[in-house]
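The values are calculated or read from the model by the stated rules, or taken from the named source; none is laboratory data. Being a predicted model, the structure only gives us computed values, none of them experimental. For neighbour counting, all protein chains shown are included, and Cβ atoms are generated from backbone atoms with ideal geometry for every residue, glycine included. These area figures cover heavy atoms from the full protein model, side chains too; ligands, DNA and RNA do not enter into them. Shrake-Rupley method; radii C 1.70, N 1.55, O 1.52, S 1.80 Å.
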Amino acid sequence: MRQLRSSRRVAPFSMSSGKKKNVWLKRFAWLAAVGILAIAVWCGTLYSIIVRFDGIPNSGTPVQADVGIVLGATLWNDKPSPGLQERLDHALTLYRQGAFKQFIVTGGLDDNGATLTEAAGMRNYLVLQGVPEADIALDTESRSTYENLLFAKAIMDKRQWKSAVIVTHRYHGSRAGSIAKQLGYSPVQVSVTDSKVLKLSYHKTREVLAYTKWLLDKARMSFG
């Protein structure tokens with residue numbers, strides 16, 4: 001009888017413990033599903049913003065500025081990589097159309113064995129295309145899009161240039177515009193080019209992560 005009573009006392013406790021475990025598992029599964037859905041919506045929204053960006057103002061509208069800022073990218077053997085060359089060629093087209101009369105080229109030394117800064121390699125390319133070297137200002141220190149635009153803004157202030165058109169690829173344009181606005185560019189003007197040489201699936205996916213990081217950094221800046 002004592003053994004029977006003992007077993008009857010233990011059984012309800014075991015059943016109750018099992019029910020609580022199932023409840024917590026269901027809650028965890030529900031929270032995980034909500035989290036995955038939220039991440040998917042967030043990434044999908046940013047991806048849509050990235051691929052739909054068409055320039056500021058709209059790419060069909062002529063841009064006028066004191067200077068064109070070409071955002072940096074990697075060099076290959078101390079020369080602009082094919083992707084960077086696309087940005088430079090787009091900037092040259094704007095320059096020849098009279099959109100701006102001066103260049104700022106941006107980017108420090110790569111970690112891939114380059115012996116020239118990105119800015120120096122970009123300057124050399126522009127000079128070969130007929131741009132007077134005196135019309136090209138260099139930022140040779142920046143290591144990110146934020147620093148590209150921060151240091152370029154300092155060059156503008158020093159030379160009393162008031163307006164700029166920022167030149168980059170389409171997938172990169174929305175974030176560049178957001179950073180420029182945060183840094184006080186006025187007006188914010190971004191002209192973009194599509195790429196025929198880059199693996200865009202990789203760059204667009206990477207841009208979702210970079211954009212997320214930027215929005216977090218921007219929020220931290222807003223709260224001091």
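Using a ≥ b ≥ c from the Cα gyration tensor of the stretch 59-204 (square roots of the eigenvalues), is it rounded, prolate or oblate, where a/c under 1.5 gives rounded and otherwise the larger of a/b and b/c decides, a/b for prolate? Don't skip to the answer; put the middle values down first.
Numbers: a/c = 1.28, a/b = 1.17, b/c = 1.10.
Rounded, since a/c falls under 1.5.
Could you rank the peptides 184-194, 160-170 by their average count of other C-beta atoms within 10 Å per residue, with the highest value first? Before the final figure, lay out each step's value.
Values: 184-194: 18.8, 160-170: 21.7.
Descending mean neighbour count gives 160-170, 184-194.
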**Proximal charge balance of residue 78 [Cβ under 15 Å; K/R count +1, D/E count -1]** = -1
**Request:** Work out how much length residue 159 to residue 127 would gain on full extension: take 0.36 nm times their residue separation and subtract the Cα-Cα distance, in nm to one decimal.
**Result:** 9.5 nm
**Complete:** Ranking 207, 141 from most to least accessible area with a 1.4 Å probe gives 141, 207
**Prompt:** Against the longest alpha carbon principal axis of the chain, how many degrees, from 0 to 90 and to the nearest 10, is the axis of helix 82-96 turned?
**Reply:** 50 degrees
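Work out, step by step, the length gained on full extension between residue 85 and residue 216: first 0.36 nm times the residue separation, then minus their alpha carbon distance; give nm to one decimal. Spell out each step's value before the answer.
Values: separation 131, 0.36 × 131 = 47.16 nm, distance 3.06 nm.
The residue 85-residue 216 span can extend by a further 44.1 nm.
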**Fill in**
Taking 139, 111, 217 and ranking on accessible area (1.4 Å, protein atoms only), highest first, one gets 111, 217, 139
**Prompt:** Efficiency by 1/(1 + (r/R0)^6): what FRET value for residue 181 and residue 141, r their Cβ-Cβ distance, R0 = 25 Å, to the nearest 0.05?
**Reply:** 0.65
